[in-house]
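Read the structure below first, then the notes.
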Amino acid sequence: MTVERQMLRFCIRNRWCDTLSGLNRILLAAAVLPIALRIASGLAMVGMALYLLVLILFVLLSLFLLLLSEDFRGLFDVGAVSESIQLLAARTDAVYRTAMPMILCVSGAVSVVTVVLLSRYTELPDRKRRIVSICITEVLILVFALLFYRMTGQEGI
């Protein structure tokens, strides 16, 4: 086998492993998304409570004169915002009830294929580091999936 052909095979193997590792990281980001949305919605609720407290403080400082203004009283209506946040969280949960098992299956398959390729191609650089990285990514995906199922009250797959 010529040197050029060996180099081409090495580059193709290296590219396959890098591509599959990148796909696994994208799946990790997809698994983190519903947890991040739940945290953000919780923070939004805390922000709305702080917003209402500031408005109440202004009302108290103005000796209730601000309540005479119809526009100012309209600032207290935060029901539509909280309903839209809850609706977004419910829709995301509904989507991820279907998507999370697929994410788990695809990431598991990609991880197994990548680890097999990396263990088979001994000439690739940083083989052990890549295998450890793939395993850590897969464990994180499993942790975030378990968190999602725990937060939504589901039993699992």
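For this structure, a couple of remarks:
- Scanning segment 89-132 for residues being closer than 18 Å to Ala30 by Cβ, of a type in the set (Ser, Thr, Tyr) and surrounded by fewer than 16 Cβ atoms within 10 Å (Cβ to Cβ) gives a total of 1.
- Each residue in segment 103-147 was checked for being part of a helix (DSSP H, G or I) and within 28 Å of Phe10 (Cα to Cα), and 27 pass.
- Lone unmet requirement of (1) under 15 Å from Leu23 (Cα atoms); (2) in contact with a helix residue (DSSP H, G or I) (Cβ under 9 Å, 6 or more places away or on another chain); (3) of a type outside the set (Gly, Ala, Ser) for Phe148: (1)
- Output for segment 35-56, where each listed residue is free of Cβ contacts under 8 Å to residues at least 24 places away in the same chain, open to solvent by 40 Å² or more (accessible area, probe 1.4 Å) and closer than 29 Å to Leu146 by Cβ: Ala36, Ile39, Ala40, Leu43, Val46
- For segment 48-76, taking the residues that are charged (D, E, K, R) and within 39 Å of the chain's Cα centre (by Cα), the one that is nearest to Gln86 (Cα to Cα) is identified as Arg73.
- Residue within segment 129-144 that is more than 15 Å from Val32 (Cβ to Cβ), hydroxyl-bearing (Ser, Thr, Tyr) and touching a residue at least 12 places away in the same chain (Cβ under 8 Å) present: yes
The values are calculated or read from the model by the stated rules, or taken from the named source; none is laboratory data. Just so it is clear, the model here is predicted, and its values are computed rather than measured. Virtual Cβ from ideal backbone geometry, glycine too; neighbours counted across all protein chains shown. Accessible surface areas use protein heavy atoms only, side chains included; no ligands, DNA or RNA. Shrake-Rupley method; radii C 1.70, N 1.55, O 1.52, S 1.80 Å.
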